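Everything on this sheet refers to the single structure shown next.
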Amino acid sequence: MPTHFSQSSSSLTTFAPRLLDWFAENGRHDLPWQQHQTDTPNPYVVWLSEVMLQQTQVTTVLPYFARFMESFPSVQDLAAAEWDLVAEHWAGLGYYARARNLHKGAKQLAEIIDETGDFPQTLAGWEAISGVGPSTAGAIMAMGLHKYGVICDGNVKRVLTRWAAIDGDITKSATTKTLWALAERLTPVDDSGRFAQAMMDMGATLCTRSKPACLLCPLQEDCIAHAQGRETDYPVKAKKQPKPSKFSNALIIKDTDGKILWLQRPDNGIWGGLWSLPLQFVEKTAGKASGKPVPNKPDTSAERLRLVTSNEKVFDAEFTTAEQIIHEWLDKHNVIVAPINQTLLDDAPIKHSLTHFHWYLTPQSVTLDNKQTTALSTALQAAEINIHWLTADDARATLGLPRAMVKILEM
């Protein structure tokens with residue numbers, strides 16, 4: 001059964017011509033990944049940019065894209081690169097699962113090109129690549145191959161829900177189906193690449209989240225939300241529950257030369273494959289921190305919590321294997337880490353917001369003697385944990401560090 005839209009047949013028919021005329025005069029035509037002005041499009045640059053642009057603004061992506069293209073000018077170069085180098089180039093861009101999928105996807109694409117001589121040529125072929133969903137696949141088809149493809153990303157959803165006054169919650173499957181049906185109805189078969197770029201530009205530059213520039217919009221004459229003065233009521237989205245907060249101590253463990261211990265994070269989980277300081281997830285308990293580290297005394301309870309300060313308890317269940325080894329080694333040898341800044345205990349830990357929670361990190365420091373450094377390194381290497389002892393400057397220059405770790409080093 002065809003989907004009914006709250007727009008006239010005339011409005012539906014003239015939507016694309018109006019948008020494309022606006023794009024020709026006012027759209028962005030100088031982004032390094034755009035392919036609408038060439039007869040020989042490069043799907044690699046479109047794929048790379050689309051992955052980077054997921055939940056990230058163009059201005060943020062531009063320098064990262066340039067670095068990637070300089071170091072990995074082809075998909076084969078990216079596929080052949082070591083993960084640590086890819087992670088180093090991605091560090092700071094966030095949503096690190098994208099980097100993992102990008103590297104895995106590059107290997108998949110390189111194999112396909114070896115077998116067939118070209119990139120995938122179908123929507124299904126692109127959707128089979130790691131990290132590529134329907135909208136990304138549609139963008140690659142339309143802009144990277146100049147074939148028919150439909151996009152329905154966040155910018156497009158905002159434009160369409162306002163223009164057609166689609167009241168459904170965009171997180172619900174029924175609304176998603178309606179939006180995709182409308183996007184397909186509006187996309188011109190013979191010019192879907194330019195149309196996709198125009199829709200992205202419309203959402204990014206005119207039909208913005210909080211201050212849409214309706215007076216400049218080529219669609220304003222039949223935009224229902226504009227007629228009702230309800231532009232910012234769309235898209236409709238269920239109110240998010242407040243993010244919970246988690247607290248961690250970030251352990252700056254140094255050797256006598258001032259080199260810091262860095263651990264490679266497990267592939268799954270937070271910051272997968274990147275490098276970080278050892279972490280201790282803690283629970284803030286009642287009372288104010290004294291600011292004084294207390295001697296470590298093993299607890300006989302099942303949880304075996306380790307007191308770090310007077311209002312913190314460390315939970316073993318949150319440890320990675322490497323962090324568990326470090327935690328037990330510190331316990332066994334009565335090595336106490338101390339806050340590097342007393343004020344951080346009470347008022348100003350480093351705040352790092354992730355998708356599902358706010359993370360408050362309190363840096364703590366300890367310097368090991370040569371014997372202790374060797375013993376701890378041996379314990380970690382025996383468990384096949386990837387580690388480095390590097391100065392802060394060397395770590396920033398050679399490792400893929402999450403932004404939160406960079407913040408700590410900048411203190």
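The values are calculated or read from the model by the stated rules, or taken from the named source; none is laboratory data. This structure is a prediction, so every number in the text was calculated from the model and none was measured. No Cβ is skipped: glycine too gets one built from the backbone with ideal geometry, and neighbour counts run over all protein chains shown.
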Scan the range 59-80 for residues that are touching a Ser or Thr at 6+ places or on another chain (Cβ under 9 Å) and within 24 Å of G133 (Cβ to Cβ) and jot them down. V61, Y64, F65, L78
Counting residues that are surrounded by fewer than 16 Cβ atoms within 10 Å (Cβ to Cβ) and not polar (S, T, N, Q), which helices (runs of 4 or more DSSP H) fully inside the range 19-102 reach at least 3? 58-71
Inspect all residues belonging to the range 317-330 and state whether any of them is in a helix (DSSP H, G or I), at pLDDT below 85 and out of contact with any Pro (no Cβ under 7 Å at 6 or more places or on another chain). yes
Going through the range 200-212 one residue at a time, which ones are crowded, with 19+ Cβ neighbours inside 10 Å, assigned to a loop (DSSP other than H, G, I, E, B) and out of contact with any Leu (no Cβ under 7 Å at 6 or more places or on another chain)? C207
For Q197: the one exception among (1) closer than 24 Å to S9 by Cβ; (2) in contact with a helix residue (DSSP H, G or I) (Cβ under 9 Å, 6 or more places away or on another chain); (3) assigned to a helix (DSSP H, G or I): (1)
Residues satisfying the stated conditions in the range 136-194, i.e. β-branched (V, I, T) and crowded, with 18+ Cβ neighbours inside 10 Å: T136, I140, V150, I151, V156, V159, T161, I166, I170, T175, T178, T187
Subset of the range 132-141 [under 20 Å from Q55 (Cα atoms) and in a helix (DSSP H, G or I)]: P134, S135, T136, A137, G138, A139, I140
Under 6 Å between Cβ atoms, at least 6 apart or on separate chains: pull out the pairs that start in the range 33-44 with a residue that is touching a residue at least 12 places away in the same chain (Cβ under 8 Å) and farther than 14 Å from F23 by Cα and end on any residue that is part of a loop (DSSP other than H, G, I, E, B) and of a type in the set (G, A, S). none
Of residues in the range 331-340 being part of a loop (DSSP other than H, G, I, E, B) and modelled with pLDDT of 75 or more, the one surrounded by the most Cβ atoms within 10 Å (Cβ to Cβ): V337
Positions within the range 345-398 being surrounded by fewer than 16 Cβ atoms within 10 Å (Cβ to Cβ), without any contact (Cβ under 8 Å) to a residue 60 or more places away in the chain, on the phi < 0 side of the Ramachandran plot and outside any helix (DSSP H, G or I), in sequence order: D347, A348, K351
Can you confirm whether the range 213-227 contains a residue that is under 26 Å from the mean Cα position of the chain (by Cα), part of a loop (DSSP other than H, G, I, E, B) and of a type outside the set (S, T, Y)? no
